[in-house]
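Everything below concerns the one structure shown next.
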Amino acid sequence: MTTAPPSLETDLMAMKQAAQTAIAAATTLDQLEQLRISYLGKKGQLSKVLGGMGKLSAAERPRIGALANQVKGLIQDQLEQSKIALEAAQIEAQLAAETLDVTMPGIFQPQGRIHPINSIIDRIVDIFVGLGYTVASGPEIETDYYNFEALNFLPDHPARDMQDTLYLPNGDLMRTHTSNVQIRYMQNHQPPLRTVAIGRCYRRDTVDATHAAVFHQIEFFAVDTDITFTDLRGTIKVFLEALYGDIPVRFRPSYFPFTEPSAEVDVQWQGKWLEILGCGMIDPNVLKAVGYDPEVYSGFAAGLGVERLAMVQHQIDDIRRLYNSDLRFLRQF
Ligand code: DAH
């Protein structure tokens with residue numbers, strides 16, 4: 001009785017054993033792929049074993065052939081199963097690595113916010129832009145001419161003392177109000193005009209709860225052929241209503257060299273009246289200084305104290321709080 005040379009069947013069985021052990025031990029998809037190539041690839045071990053088939057008898061060939069196919073199928077199945085298992089494990093590991101522990105304490109991210117002075121400036125400018133005003137600006141270091149002379153302050157007029165001016169060695173000064181922008185703007189533009197200007201101002205003031213040496217003003221002014229005090233009053237009413245809603249407002253007669261007549265406006269703050277702006281009809285001398293004919297044109301102007309407007313809005317009891325950079329205070333806004 002002829003049997004297949006024992007070596008071929010034994011080789012097949014040994015190879016199957018080795019492949020199964022190796023596949024079971026593989027821990028990565030790469031390793032699996034290497035094993036597939038080494039056992040089932042064109043030049044792999046199975047091909048080598050089958051290379052010996054030619055030496056088999058015609059009777060043995062189909063049996064060994066079938067056995068070889070069976071071994072091949074087994075190895076393929078095992079490779080496939082291992083692949084599925086390793087892929088699943090890989091996804092598991094990835095998910096585990098990406099897990100967020102929502103109970104961990106967070107990382108503190110400090111968040112900035114807009115300073116109350118800046119936010120009220122933004123709101124005020126929005127209101128005036130909505131009324132058709134153009135935004136302008138002027139320098140903080142100013143000459144006597146723009147800060148005083150063109151605004152109808154006579155050389156020895158006591159009104160200059162009201163302003164507690166800080167002078168520079170060359171005779172220039174730190175502007176005491178934003179009214180300088182009126183002159184600079186009107187010199188370069190023809191009526192009709194409606195303009196708003198925002199800026200820092202400086203005074204040698206004694207600092208207290210309602211006065212600062214450096215503060216902000218907003219100036220607005222309009223010039224046309226038929227502007228009256230009623231227009232000024234109406235504009236201030238519309239402005240204050242847009243800013244604060246319906247709050248008690250008081251107009252008082254006042255004096256400024258650059259307006260005639262002049263008024264001051266107070267609103268309620270900490271249970272008393274607080275002056276928040278000066279205003280009036282632009283003095284004919286000021287119109288003349290910028291080359292406008294006061295017989296043809298009239299205009300109104302007003303200057304608002306920004307810090308005070310913020311103090312009224314938030315009921316802040318002391319202007320100095322706006323400049324102390326105390327985060328406990330600033331975080332409220
Ligand atoms: N410039 C004045 C001040 O700083 C405020 C002011 C008053 C501005 C009347 C004006 C105005 O435009 O018409 O005290």
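The values are calculated or read from the model by the stated rules, or taken from the named source; none is laboratory data. The shown structure was predicted, so the numbers you read here are calculated from the model rather than taken from an experiment. A quick note on method: Cβ atoms are made from the backbone with ideal geometry, for glycine too, and the neighbour counts reach across all protein chains shown. Side chains are part of the model used for accessible areas, which takes the heavy atoms of the whole protein and leaves out ligands, DNA and RNA. Shrake-Rupley method; radii C 1.70, N 1.55, O 1.52, S 1.80 Å.
With viscosity set to 1.306 mPa s at 10 °C, what whole-number translational diffusion coefficient in µm²/s follows for the stretch 26-125 from Stokes-Einstein and a Kirkwood radius over Cα pairs? Calculated translational D: 81 µm²/s. Only DSSP H runs of four or more residues enter the estimate; each adds -39500 (n - 2.57), and after division by the residues of the chain the mean residue ellipticity at 222 nm equals -13500 deg cm²/dmol. Each principal axis of the Cα cloud of the stretch 130-190 was evaluated for its coordinate range; sorted largest first, these ranges are 38, 21, 20 Å. Volume of the convex hull of the stretch 148-266 (Cα atoms only), normalised per residue: 138 Å³. With a length cut of 15 Å (Cα positions projected on each helix's long axis) and a Kyte-Doolittle mean of at least -0.5, go through the chain and give me the DSSP H helices that pass. Once both thresholds are applied, what remains is 6-25, 29-40, 61-98, 116-130, 229-244.
Note that the stretch 246-333 shows a convex hull volume over its alpha carbon atoms of 135 Å³ per residue. Per residue, the chain exposes 56 Å² of solvent-accessible protein surface, assessed with a 1.4 angstrom probe and all protein chains in place. In this entry, the stretch 1-81 is assigned a mean projected area of 5.1 nm², taken as a quarter of its C-alpha convex hull surface. Calculated on C-alpha atoms, the gyration radius of the stretch 203-301 divided by its Kirkwood radius gives an Rg/Rh of 1.01. If R0 is 41 Å, the Cβ-Cβ spacing of PHE333 and THR225 corresponds to a FRET efficiency of close to 0.45. Projecting the Cα atoms of GLN34, GLN17, TYR167 onto the dipole axis of the chain, where Lys and Arg carry +1 and Asp and Glu carry -1 at the beta carbon, places GLN17 farthest toward the positive end. Each of the peptides 43-52, 56-65 was scored by the mean count of other Cβ atoms within 10 Å over its residues; in descending order, highest first, they stand as 43-52, 56-65. Size check on the stretch 79-138: the Cα extents along the three principal axes, sorted descending, read 80, 28, 20 Å. For the chain, the dipole from Cβ point charges (+1 on Lys and Arg, -1 on Asp and Glu) about the Cα centre works out to 2300 debye, to the nearest 20. Only protein atoms count toward the accessible area here, which uses a 1.4 Å probe; on the chain, the carbon and sulfur part of that area reaches 54 percent. Ordering HIS189, GLN217, ALA89 by Cα displacement along the dipole of the chain toward the positive end leaves ALA89 in first place; charges were set at the Cβ atoms of Lys, Arg (+1) and Asp, Glu (-1). According to the Cα-based calculation, Rg over Rh for the chain is 1.66, with Rh computed by the Kirkwood formula.
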